[in-house]
Structures are given as C-alpha cells and as structure tokens.
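Engineer: Quick one: structure below, then a few questions.
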Amino acid sequence: DMSVYLNCAEEVFGAYGIPVFMDQKRSILLNSFVEYIRSLLAMVQERFTKNGVFRFLRTGLFGFTNSEVDLLENYVTALGIKGYKRWQEKWVRRSRSVGEEELELLNHIRVQFVERLEPLLFVLRQRKKSVTDITTALYSFMVQEEIQKKLKEQEVLFQREEEQVLAKEYAQIYRIVME
C-alpha cells in the first residue's frame, strides 16, 4: 500500500543512497505557488491579520528574505499591528529590539509590500466586480511579480540539487494553474 509506506520508503532508500522513483500523483495544494495564491486571497479576505500576512510572505515568492520577514513579524507581533490601514501608515513606534535603523528598514519593507499589492487590492475592494475582473487582476499581479520567472528559478535550483520530482513539478505548475 503506497499511501502507507511512501514517505518511509523514500526516506530509507535515500539514507542508503538507492535511487528510487515513486510514480504517484502529489496534491497540487502542497505547491508553494498554489499556497501563494491561496494565502494572498485569504490575506485580503481576512483584512490583513498577522497570520494572514505572514502565511503569504512565508511562501517565499514575494521576494523578501527570511530575515526581513522575521524582522517584520517580530515588529508586527510586538506592536499588535493588524488591518490594512495600519500597513499603509508610517510606523513610528519602536519596540525594545527595534532601533532607528531597523525602524527605517521596516518602513521601507512595509512601503514595498503595500505598493506592490495596491493594484490588486484596488480591484478587490470594488463593490461591483466580476469573476473576470478578479481573475484579470490576479493574473496581472502575478505578471507584475514575475512569478513565472521565480518558478523557473526554483525548477533550476531543484535540478541542480538533483530533486527531479520537484523540478518536474515546478516546470508544470504555472501552466497547470493558468489552465
């Protein structure tokens, strides 16, 4: 029964250096690109809660480094920032661990975050919008963010690391989602 032994078999074969290919379909929901889209829409729907924002940023596809996301999350947690309006306002309060330089960096990251999201949010905030409007805005956002290029970079990285299953997944995911 492959569903029971799949993970164990891959781990054991890998530990002994035995090449193995498990011909099994994986859920598309586990892919970071799909999570990027789902978390983006959830973040907007949840009105920029801390969990929603960082679920989105932790996908790694928005372009912030892990240390930038960590710094941002620590600040947001310390000061209880939630809601899109608070993300639009300049942050002036410092916490114990945030000095003047860090606050300047945080505001720079915050501005990038808000400015890059604004075209999509403009459409999503409209009272009268169609599915076509939402889909077009989401597609335009992905083009703006060069998602297809980022997924290609991930594919190349997986090929270099000889993770052929993941490389193939990332080679196909953009086309599958767009279809």
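Engineer: Just to be sure I understand the filter: pairs with C-beta atoms under 8 Å, separated by 6 or more residues or on different chains, first member in segment 9-21 and closer than 15 Å to VAL165 by Cβ, second member open to solvent by less than 70 Å² (accessible area, probe 1.4 Å) and among the small types (Gly, Ala, Ser). Which pairs pass?
Structural biologist: Note: pairs meeting the criteria are VAL20/ALA9; VAL20/GLY14.
Engineer: Could you tell me how many of the residues in segment 125-144 are within 18 Å of PHE48 (Cβ to Cβ) and not in a helix (DSSP H, G or I)?
Structural biologist: The total comes to 2.
Engineer: LEU106 - would you say it is under 20 Å from THR49 (Cβ atoms), surrounded by 11 or more Cβ atoms within 10 Å (Cβ to Cβ) and in contact (Cβ under 8 Å) with a residue 40 or more places away in the chain?
Structural biologist: In short, no.
Engineer: Are there any pairs, at least 6 apart or on different chains, whose C-beta atoms fall under 9 Å, with the first in segment 85-96 and free of Cβ contacts under 8 Å to residues at least 24 places away in the same chain and the second open to solvent by 90 Å² or more (accessible area, probe 1.4 Å), and if so, which?
Structural biologist: From residues that are free of Cβ contacts under 8 Å to residues at least 24 places away in the same chain, the pairs are ARG94/GLU100; SER95/ASN74.
One line per residue, one yes/no per condition, for (1) of a type in the set (D, E, K, R); (2) open to solvent by less than 80 Å² (accessible area, probe 1.4 Å); (3) closer than 18 Å to LEU151 by Cβ; (4) not in a helix (DSSP H, G or I):
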site	(1), (2), (3), (4)
GLU10	yes, no, no, no
GLY52	no, yes, no, no
GLY63	no, yes, yes, yes
GLU73	yes, yes, no, no
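Engineer: Can you go through ILE37, ILE28, ILE81 and tell me which one is in contact (Cβ under 8 Å) with a residue 60 or more places away in the chain, buried (at least 18 other Cβ atoms within 10 Å of the Cβ) and hydrophobic (A, V, I, L, M, F, W, C)?
Structural biologist: ILE37
Engineer: Among the residues of segment 88-97, are any in a helix (DSSP H, G or I), touching a helix residue (DSSP H, G or I) at 6+ places or on another chain (Cβ under 7 Å) and modelled with pLDDT of 95 or more?
Structural biologist: Scanning segment 88-97 turns up at least one residue that is in a helix (DSSP H, G or I), touching a helix residue (DSSP H, G or I) at 6+ places or on another chain (Cβ under 7 Å) and modelled with pLDDT of 95 or more.
Engineer: Are any residues in segment 38-61 among the hydrophobic types (A, V, I, L, M, F, W, C) and in contact with a helix residue (DSSP H, G or I) (Cβ under 7 Å, 6 or more places away or on another chain), and if so, which ones?
Structural biologist: Listed by number, the residues that qualify are LEU40, ALA42, MET43, VAL44, PHE48, VAL53, PHE54, PHE56, LEU57, LEU61.
Engineer: Kindly establish whether PHE122 is open to solvent by 70 Å² or more (accessible area, probe 1.4 Å), assigned to a helix (DSSP H, G or I), hydrophobic (A, V, I, L, M, F, W, C) and modelled with pLDDT of 95 or more.
Structural biologist: So PHE122 fits the description; yes.
The values are calculated or read from the model by the stated rules, or taken from the named source; none is laboratory data. What you see is a predicted model; the values in this text were computed from it and never measured. As a convention, Cβ positions derive from the backbone with ideal geometry for all residues, glycine included, and neighbour counts pool all protein chains shown. Ligands, DNA and RNA are excluded from the accessible area calculation, which covers all protein heavy atoms including side chains. Shrake-Rupley method; radii C 1.70, N 1.55, O 1.52, S 1.80 Å.
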